[in-house]
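FYI, it's all coordinate maths here, none of it is from the lab. This one's a predicted model, so the numbers in the text were calculated from it and none came from an experiment. Heads up, the Cβs are rebuilt from the backbone with ideal geometry, glycines too, and the neighbour counts pull from every protein chain shown.
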Amino acid sequence: MARFRFPHATYRRILFVTLCLAACGAGIPLPLAAQARATATATPEPGPGYDTGDAWIDGRLADIDRYARAYPESFAAEVERYAGASRAYVRGLLAQPGWNPGDAWYACFLARALDTDCRSVVRARARLGRAGSWAQATSALRGEDKPDPYPALRLALADSYRRWDRSLQPDAALRRALQQRQRAAGEGR
C-alpha cells in the first residue's frame, strides 16, 4: 500500500487539527499529546466561595486549598504551630462535609485575631448553616468591642505564605498592615 505524503509541514498540521476536531465531534478521544495541551490551557475550576467580605482574602483562601491538598502535613503544622489548633483537630475539621483547608485556616487564624479559640469560631460558623457566610460569622464573633480582625488576618496570610515559600501579591491593605507592623517593631526597640 502506497503511503501518501504531504509536501509541506503546514498541510500536515492542518490535517492533524482537522482530524482532531472531527474526532471530538464523533466522540473519539483525542491523542494524548492533544489532551495534555488542552488540559494545560484549561481554566482552573473556581474554588469554594468563602464570602469573608474581603475578595482579596477569599482569593488567598482558595489558594490555601490548593496548597493544603499538595502539602497536607505542612498545612496542618502551620495551623497547629501558629494558630494553636492541634493537627488532629484540623484533620477532623477537614473530614467534615463543606469544610475546606481555607475554612480551617480562616477559622483558626480568625480565632487568634479575636483572642478566642478555634472551636468557638467553628461552632459560630456552623450555627449559621449553609446559608451563612464567613462575613456573618466574623461580624457576630467580633461584636462591637473587638478590633477589626482583617489586618491581623492579612499579616497571618503574609506570614504563612513566607513560611511556605509561596509568592504573594499584597493588596493595599496588606501593605499598610506590614508598614504598621514594621513601625511598631521599630518603636519597640
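Taking θ as phi - 60° and the Karplus parameters 6.51, -1.76 and 1.60, the scalar couplings of the stretch 62-70 work out to 5, 5, 4, 4, 5, 4, 5, 5, 7 Hz in sequence order, x denoting glycine and proline. Taking a sphere under 12 Å around the Cβ of Leu178 and counting the other residues whose Cβ falls inside, with K and R at +1 and D and E at -1, yields a net charge of +4. Give a residue-ordered list of calculated ³J(HN,Hα) values for the stretch 164-170 (Karplus: 6.51 cos²θ - 1.76 cosθ + 1.60, θ = phi - 60°; whole Hz; x for Gly, Pro). Those phi angles translate into 7, 6, 10, 6, 9, 8, x Hz. Here the stretch 57-116 is treated as a sphere whose radius is the Kirkwood value from Cα pairs; by Stokes-Einstein at 10 °C and 1.306 mPa s it diffuses with a coefficient of 141 µm²/s. At q = 0.25 Å⁻¹ the log10 of I(q)/I(0) for the stretch 144-189 amounts to -0.95, computed by Debye summation with a single uniform scatterer per C-alpha, solvent ignored.
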